[in-house]
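What follows is a set of notes on a single structure, which appears directly below.
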Amino acid sequence: MDWITGIQKAVDYVEEHITEEVDYEEAAKRAYSSSFHFQRIFAVICGFTLGEYVRSRRLSLAGSELLTTDAKVIDVALKYGYDAPESFSRAFTRFHGISPSQVKKGAGLKSYSRLSVKLIFNGGSIMDYRIDTKEAFQLIAKKTRVSCKAEMTTAEISDFWARCNKDGTFSALCKYIPEDNIFGNCIVGANFGNDATEVDFPYGIGAPYNGKKIEEKDFVVDTIPKHTYIVFKCVGKMPEAFKKLYQQIYTEFFPTSDYQPCGGVDFEAYPSVDVSSPDYTCEIWVSVEKKK
């Protein structure tokens with residue numbers, strides 16, 4: 001199943017439970033993916049997070065219900081996930097530009113339509129990629145846990161990178177990089193899709209491991225199994241170039257490819273921290289399998 005179909009199945013699940021607490025892990029399962037990976041790619045493809053979609057749909061439906069029924073504001077607030085009329089009123093006003101009490105007075109409302117995912121092919125795109133099958137190797141990394149059940153934001157990962165940059169993690173990792181390795185002298189972000197739980201998801205910043213004695217208490221070593229990867233070259237200022245390439249990968253490349261993502265460990269390989277350069281070059285490694 002391709003990503004376009006998967007996203008639609010997840011959206012259908014969200015819509016079926018729009019007045020309940022949305023289980024982000026369950027939504028991701030509809031796309032045969034981890035919550036972490038699904039939410040991240042959903043945001044890249046759609047331009048907004050899954051959580052933002054849920055909130056906008058609820059507020060749109062709440063406005064329609066207040067306009068067309070005799071429901072009380074407090075009842076509508078509770079129905080669409082708000083514990084108090086005050087918090088509902090603030091969110092409603094930010095979204096619609098009017099307060100709930102003004103709806104019956106004829107003030108205009110905003111509508112946020114249900115998402116219908118369609119694949120549109122745009123010709124002329126050039127993507128640099130290669131297909132590599134790599135033997136098992138060891139990765140040394142510092143890890144964090146990212147929430148699976150609740151809404152995931154890119155800020156969690158960005159903050160983790162910022163902390164590692166400040167605390168010397170990058171320079172410490174360089175001591176363990178072997179001369180001959182698949183990522184060269186890059187530091188990598190590792191998405192451990194196969195280790196997701198119902199609660200959280202591991203994400204690591206690391207590098208191939210040369211076997212030296214580890215001095216840092218918060219570093220761990222994982223054996224990455226033999227796998228096939230499609231490696232995409234990304235050139236340009238970050239994060240704009242990064243987001244554009246991810247969008248192309250999942251809306252243009254995979255729908256027309258013989259391969260599909262398989263939920264293994266994915267990597268983003270960064271050669272330096274000079275990500276503001278217009279010529280900055282990094283790589284995205286996506287673990288894949290042949291489509292059945």
### Task
Please work out whether the stretch 129-290 counts as rounded, prolate or oblate from its C-alpha gyration tensor, where a ≥ b ≥ c are the square roots of the eigenvalues and a/c under 1.5 means rounded, while otherwise a/b larger than b/c means prolate and anything else oblate?
rounded
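If you scale each eigenvalue of the Cα gyration tensor by 5 and take the root, what three semi-axes come out for the chain, rounded to whole angstrom and sorted largest first?
Numbers: eigenvalues 326, 92, 61 Å².
For the chain, the ellipsoid semi-axes come out as 40, 21, 17 Å.
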### Query
For the stretch 200-234 and the stretch 39-111, what is the separation of their Cα centres, given in Å?
42
### Query
Setting aside same-chain residues fewer than 8 positions from LYS9, which aspartates and glutamates have a Cα under 20 Å from its Cα?
GLU20, GLU21, ASP23, GLU25, GLU26, GLU52, GLU151, GLU198, GLU252
### Query
Among ILE230, ALA141, THR256, which residue has its Cα positioned farthest towards the positive end of the charge dipole of the stretch 129-290, with +1 placed on the Cβ of Lys and Arg, -1 on the Cβ of Asp and Glu, and the dipole taken about the Cα centre?
ALA141
### Under 22 Å from LYS243, Cα to Cα: lysines that are on another chain or at least 8 residues apart
LYS118, LYS233
### Message
I'd like to know which of ALA10, PRO100, ALA207 lies farthest towards the positive end of the charge dipole of the chain, counting +1 on Cβ of Lys and Arg and -1 on Cβ of Asp and Glu.
### Response
PRO100
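Does the stretch 161-243 come out rounded, prolate or oblate, given a ≥ b ≥ c as the square roots of the eigenvalues of its C-alpha gyration tensor, rounded meaning a/c under 1.5 and, failing that, prolate meaning a/b above b/c? Walk me through the numbers on the way to the answer.
On the way: a/c = 1.25, a/b = 1.14, b/c = 1.09.
Because its axes are fairly even, with a/c under 1.5, the stretch 161-243 counts as rounded.
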### Query
trypsin sites (Lys or Arg not before Pro), restricted to the stretch 165-236: which are DSSP loop and have at most 14 other Cβ atoms within 10 Å?
LYS175, LYS212, LYS213, LYS217, LYS226
### Task
Would you work out the charge dipole size for the chain about its Cα centre, treating the Cβ of every Lys and Arg as +1 and the Cβ of every Asp and Glu as -1, and quote it to the nearest 20 debye?
600
### Query
Taking the inverse of the average 1/r across all pairs of different Cα atoms in the stretch 3-105, what Kirkwood radius in Å do you get?
14.5
### Task
Can you check what the net charge comes to around ILE230, using other residues whose Cβ is under 14 Å from the Cβ of ILE230 (Lys, Arg +1; Asp, Glu -1)?
-3
### Query
If the cut-off is 18 Å between C-alpha atoms, which lysines fall inside it for LYS105, apart from same-chain ones fewer than 8 positions away?
LYS72
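Just the C-alpha atoms of the stretch 199-267: what Rg/Rh do they give, with Rh taken as the Kirkwood radius?
Details: Rg = 15.8 Å, Rh = 15.3 Å.
Result for the stretch 199-267 is an Rg/Rh of 1.04.
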### Message
About the Cα centre, and with charges only on the beta carbon of Lys, Arg (+1) and Asp, Glu (-1), how big is the dipole of the stretch 3-105? Nearest 20 debye, please.
### Response
420
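Of all chymotrypsin sites (Phe, Trp or Tyr not before Pro) in the stretch 26-100, which ones are in loop regions per DSSP and have a Cβ with at most 15 other Cβ atoms within 10 Å? It would help to have the intermediate numbers written out before the result.
Values: sites: TYR32, PHE36, PHE38, PHE42, PHE48, TYR53, TYR80, TYR82, PHE88, PHE92, PHE95; in loops: TYR32, PHE48, TYR80, TYR82.
Those satisfying the criteria are PHE48.
Throughout, read-outs are computed from the coordinates displayed, never taken from laboratory work. Since the model is a prediction, treat every value here as computed from it, not as a measurement. Positions of Cβ are backbone-derived with ideal geometry, glycine not excepted, and every protein chain shown enters the neighbour counts.
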